[in-house]
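Structure record follows, encoded as structure tokens.
Read-outs: derived from the displayed coordinates by stated rules, not from any lab. Since this is a predicted model, take the numbers as computed values, not measurements. When we count neighbours, we look across all protein chains shown, and the Cβ atoms used for this are built from the backbone with ideal geometry, even at glycine.
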Amino acid sequence: MKRKVTKAIFPVAGLGTRFLPATKSVPKEIMTLVDRPLIQYAIDEARAAGIKEFIFVTSRGKSALEDYFDQAPDLENSLRKAGKDELLKTLKETSMDSGAIAYIRQHRPLGLGHAVWCARRLVGNEPFAVILPDDVIAAEKPCLQQMVEAYEETGGSMVATMEVSPEKTSSYGVLDVASQTGDVVTVKGMVEKPAAGTAPSNLAVIGRYILSPKIMQNLNRIEKGAGGELQLTDAIAREMDEGRDVFGYRFDGKRYDCGSKAGYLQAMVAFALEREDLRDEFGAYLTEIMALRTTAR
Ligand code: UTP
């Protein structure tokens, strides 16, 4: 029986070493694309997909993230008094209903699989979504919403996937494809960070998942995998070993790897150019510096 997906896990307990020294005190997920933190994009995407319960797996040093979702009555009052209605509206859109958010600690960064497992009691016996906020996906229809609609047809477990160049496959979980119908790929195996030249395809797993609750039991049973971490990919691969369905979903949209500096900067530029209040001035500046760069060569 297929069940509605109403819970999402946001694993945000990683160390974010690629953004040190900033991540010494600022959680990666609070870094902004223009003026909205990465986590806000993830929350908006989850809401659009019908998620009602938001489970954050956090760690030491992430209190800025918890504060971000609190109401800010003093700030709201000041904006109200100053007649700044647009800003007030923006601010209100970020606050979450009481009881909609839960925070669970991952005491040590033992991997993404372990982070997801930490939320097992909150998920219970229901399918659940996992969103990695550092994968930002710009799409007309939000990526998780696309997946929820596809999942209503397929059931099983589903991962977002996209093609990457063969030299990049060793940075991702990679699908072994059985067949493909439209955007849905039937998967017969999955490998986390395959060694160069051994990837079963160039379809990489991206940070959006809809998972069967059985995955939590699998996480209980698997051993440490690539990088000495408990890998979510390995727990999903176990579903196939036990005869249950796993699908890849080739989403429509552009994904930015905001966990890497280059990806984050690309997203910042792309999102700034999308903004009506910035695109002219910022676009002109980019044209200017690119021209200077060409003449300097
Ligand atoms: P990353 O592989 O990007 O690791 O994790 P990281 O620690 O965030 O960043 P770097 O590589 O050190 O720069 C992918 C996602 O899994 C979460 C991260 O917070 C991120 O959302 N994660 C990873 C955990 O919650 N716990 C872990 O033990 C590992």
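A compact table of results
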quantity	calculated
Packing-based ranking, highest mean first, of 195-201, 8-14 given that Cβ atoms within 10 Å are counted	8-14, 195-201
Kirkwood Rh, angstrom, the stretch 200-293 [1 / mean 1/r, Cα pairs]	17.0 Å
D (Stokes-Einstein, µm²/s), Kirkwood Cα radius, the stretch 239-297, 1.567 mPa s at 4 °C	87 µm²/s
Environment charge of VAL246, counting only residues whose C-beta is closer than 12 Å and scoring Lys/Arg +1, Asp/Glu -1	-1
Cα gyration tensor category, rounded, prolate or oblate, for the stretch 1-117 with a/c compared to 1.5	oblate
Computed over the stretch 1-117: relative contact order in percent, which uses C-alpha pairs under 8 Å that are six or more apart	35 percent
Relative contact order (%) - the stretch 166-297, alpha-carbon pairs under 8 angstrom, separation at least six	20 percent
Relative pair counts by distance (%), Cα atoms of the stretch 177-220, 10 Å bins	20, 49, 30, 2
Of LYS24/LYS224; LYS224/LYS261; LYS24/LYS62; LYS28/LYS62; LYS7/LYS214; LYS141/LYS214, pairs whose Cα-Cα distance is over 18 Å	LYS24/LYS224; LYS224/LYS261; LYS141/LYS214
Sorted by Cβ density within 10 Å, fewest first, the residues ILE51, ILE210	ILE51, ILE210
Summed side-chain charge close to ALA64 - residues other than ALA64 whose Cβ falls under 15 Å, Lys, Arg +1, Asp, Glu -1	+1
Least to most buried among LEU230, LEU211, LEU292 (fewest other Cβ within 10 Å first)	LEU292, LEU230, LEU211
Estimated translational D of the chain in µm²/s (Stokes, Kirkwood radius over Cα pairs; 4 °C; 1.567 mPa s)	64 µm²/s
Relative contact order %, the chain, counting alpha carbon pairs below 8 Å whose residues are six or more apart	22 percent
Net charge, LEU38 excluded, C-beta distance under 9 Å - Lys, Arg +1, Asp, Glu -1	0
Axial C-alpha extent at least 30 Å, average Kyte-Doolittle at least 0.5 - helices from the chain (DSSP)	none
Two-decimal log10 I(q)/I(0) for the stretch 56-193, as the Debye equation yields it once each C-alpha is a single scatterer, q = 0.13, 0.14, 0.16 Å⁻¹	-0.84, -0.94, -1.12
